[in-house]
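The values are calculated or read from the model by the stated rules, or taken from the named source; none is laboratory data. Predicted model, so just to flag it, every value in this text is computed and none were measured. Here the Cβ positions follow ideal geometry from the backbone for every residue, glycine too, while neighbour counts run over all protein chains shown.
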């Protein structure tokens with residue numbers, strides 16, 4: 001009885017390490033990847049590629065949070081929101097995280113066997129970005145930009161998986177993803193602004209201070225402009241613009257809320273809305289591609 005209870009406890013700790021009960025991050029990584037798949041394939045992405053990239057996103061996001069917690073285990077003990085995480089609390093030893101990280105990378109590498117050579121060559125950069133992002137907050141005031149680059153790399157790989165080349169369109173989607181991530185992750189960083197200031201962690205939320213709402217608004221505005229140009233060039237139909245207009249109105253409302261001042265709970269709530277917004281934009285792209 002005690003052994004089974006112990007095994008159950010260890011599995012629960014692993015689910016916490018992998019953030020299995022909170023997949024907002026996976027969705028924020030997934031949707032830009034699917035935007036690229038849809039546009040590259042003119043609205044008809046091969047189901048085999050959809051399955052590969054959905055699985056790949058889950059594995060790489062899980063690997064990212066594991067290595068993030070491994071790097072940050074000492075810092076997380078000093079942050080109210082993160083001190084109960086398995087590595088920070090000491091409930092899991094650090095070597096377990098490394099083992100899990102390696103296993104996730106091996107599984108993700110297995111997915112590459114079905115992709116073309118160019119996409120396979122781009123994959124190691126995704127691993128380097130996953131490892132580097134947790135360190136960014138120690139050396140730059142713009143770690144949200146590094147997160148955006150990491151989350152946008154799936155866009156580049158998805159495009160090359162379909163087209164086996166690169167042009168300015170996937171680069172545009174990539175840049176839009178970076179801007180989007182800067183906006184929503186700056187809102188996310190507002191949760192820890194007091195603790196980050198105390199322990200010396202950097203973020204755009206701290207960098208922009210009382211003007212943070214301006215940074216959020218500009219990030220979202222640039223994202224909207226870039227996506228609009230990409231979609232106009234791709235000749236995708238009107239449903240996309242309808243969904244983008246809805247997303248833009250939500251972005252504007254969020255920037256206004258940030259300007260008014262929000263609590264930690266409110267910041268997390270605004271952050272989670274972006275998963276739905278990513279899905280909404282995807283729906284507009286997909287339907288618009290079919291109708292053109």
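Key figures
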{"item": "Some residue of the range 202-216 being closer than 20 Å to residue 32 by Cβ, modelled with pLDDT of 95 or more, part of a helix (DSSP H, G or I) and under 17 Å from the mean Cα position of the chain (by Cα)", "result": "yes"}
{"item": "Which numbered condition residue 236 misses (of (1) crowded, with 24+ Cβ neighbours inside 10 Å; (2) part of a helix (DSSP H, G or I); (3) over 18 Å from the mean Cα position of the chain (by Cα))", "result": "(2)"}
{"item": "In the range 55-79, the residues that are free of Cβ contacts under 8 Å to residues at least 60 places away in the same chain and within 13 Å of the chain's Cα centre (by Cα)", "result": "58, 59, 61, 62, 65"}
{"item": "Selected residue (only one of 88, 36, 63 is in a helix (DSSP H, G or I), surrounded by fewer than 21 Cβ atoms within 10 Å (Cβ to Cβ) and either modelled with pLDDT of 95 or more or in contact with a helix residue (DSSP H, G or I) (Cβ under 6 Å, 6 or more places away or on another chain) (or both))", "result": "88"}
{"item": "Residue 153, sole failed condition from (1) at pLDDT below 95; (2) under 20 Å from the mean Cα position of the chain (by Cα); (3) part of a helix (DSSP H, G or I)", "result": "(1)"}
{"item": "Count of the range 39-49 residues which are at pLDDT below 95 and closer than 26 Å to residue 66 by Cα", "result": "0"}
{"item": "Boolean, residue 212 is under 30 Å from residue 73 (Cβ atoms), touching a residue at least 40 places away in the same chain (Cβ under 8 Å), touching a helix residue (DSSP H, G or I) at 6+ places or on another chain (Cβ under 8 Å) and surrounded by 20 or more Cβ atoms within 10 Å (Cβ to Cβ)", "result": "yes"}
{"item": "Enumeration of residues in the range 264-286 that are without any contact (Cβ under 8 Å) to a residue 60 or more places away in the chain and touching a helix residue (DSSP H, G or I) at 6+ places or on another chain (Cβ under 9 Å)", "result": "265, 266, 273, 276, 277, 280, 283, 284"}
{"item": "Residue within the range 113-129 that is within 25 Å of residue 268 (Cα to Cα), assigned to a helix (DSSP H, G or I) and in contact with a helix residue (DSSP H, G or I) (Cβ under 8 Å, 6 or more places away or on another chain) present", "result": "yes"}
